[in-house]
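Novice: Dropping the structure in here first, questions after.
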Amino acid sequence: MSCRPASPRPYVLLSCATSIDGYIDDASDQRLLLSNADDLDRVDAVRAGCDAILVGAATVRRDDPRLLVRSPVRRAERVADGRPASPVKVTLTARGDLDPTARFFTAGDSARLVYCASGALDKTRERVGELATVVDGGEPVDLGWVLADLATRGVRRLMVEGGGTVHAQFLTAGLADELHLVVAPFFVGDHRAPRFVGEGDFPWHPGRRARLAETRQIGDVVLLRYALSDRCRDG
């Protein structure tokens, strides 16, 4: 990994949906649907306003997301503005265990970036180097360096869609500007299921409360938008 680029980091927006008791999935092999159609359209609009979307390698393996803008109108608007139809796809990996047939690599025409730990660089390039740009992110992957590198690639607004480990890494490092937390109207109640975040030393605690910038009911779910830095505005 080279020295950190001297560019300001992108605006970082975290997006997550949870059950009432804080789970982002259940323990079954089927993906748990926590959102609804109207909220999924809202998420699509947020995606369309970003330059890149980031998920962890575990999310690529488990959920097999496409990470594309779904709305044809929004895709056309992006193209008319001189941007690609969907944002750049970004993932982080410590071991390079990525499937080249995953939709992250095969769906759409977006550029793809894989930031991997230094020790997994050769393995990652061998597996997906023909499908994505593989970048040495340090050992372990340095999120601050990743953000600065994304800035040099023209990424000004980054949407982080999970999973829980990646969200926790951004939050504990103080590298998040905004959090969109959607709460679904049911419980999961299974300790085997993944939670939004696990244990960590978070900058927000009883003595430093995050600022609630917006609440919005969207059908049967509720959006809580938290301002996590002074870069985030109300409205």
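Novice: Non-local amide H neighbours of Ala52 (under 5 Å, H modeled in plane, Pro and chain starts lacking H): which ones?
Specialist: Val88, Arg157, Met159
Novice: Provide the packing ranking of 86-93, 194-201, 175-182, 103-110, i.e. peptides ordered by the mean count of other C-beta atoms within 10 Å per residue, highest first. It would help to have the intermediate numbers written out before the result.
Specialist: Numbers: 86-93: 24.6, 194-201: 14.4, 175-182: 21.1, 103-110: 17.6.
Highest-to-lowest ranking by the protection proxy: 86-93, 175-182, 103-110, 194-201.
Novice: Which Rg and Dmax, in Å, describe the Cα atoms of the chain?
Specialist: Every Cα atom of the chain included, Rg and Dmax give 17.3, 48 Å.
Novice: Can you quote the Å³ per residue value for the convex hull of the Cα atoms in region 8-95, rounded to an integer?
Specialist: Enclosed volume per residue, from the Cα hull, is 136 Å³.
Novice: At 222 nm, what helix-only mean residue ellipticity would the chain give, in deg cm²/dmol to the nearest 500, using -39500 (n - 2.57) for each DSSP H run of four or more? Don't skip to the end; give the middle numbers.
Specialist: On the way: 7 runs with 59 residues, N = 235.
My calculation for the chain gives -7000 deg cm²/dmol from helical runs alone.
Novice: Additional query: Taking every pair of Cα atoms in region 55-141, average 1/r, invert it to obtain the Kirkwood radius, and report Rg/Rh to two decimals.
Specialist: 1.02
Novice: Could you state the principal axis extents of the C-alpha atoms in region 132-185, from the largest down, to the nearest angstrom?
Specialist: That gives 41, 24, 24 Å along the principal axes, largest extent first.
Novice: Right, here's the next one. Under the Karplus relation 6.51 cos²θ - 1.76 cosθ + 1.60, θ = phi - 60°, what is the ordered set of whole-Hz ³J(HN,Hα) values for region 165-172, x standing for Gly and Pro?
Specialist: Working through the residues one at a time gives 5, 5, 4, 4, 5, 5, 5, 5 Hz.
Novice: I need two numbers for region 106-167: Rg to one decimal and Dmax as a whole number, Cα atoms only, in Å.
Specialist: Cα radius of gyration and Dmax of region 106-167 are 12.2, 30 Å respectively.
Novice: Shifting gears a bit: Kirkwood hydrodynamic radius, computed over distinct alpha-carbon pairs, for region 137-235: how many Å, to one decimal?
Specialist: Answer for region 137-235: a Kirkwood hydrodynamic radius of 15.4 Å.
Bear in mind these aren't lab numbers, they're just calculated from the coordinates by the rules spelled out. Just so it is clear, the model here is predicted, and its values are computed rather than measured. Note that we place each Cβ from the backbone using ideal geometry, even for glycine, and neighbour counts take in every protein chain shown.
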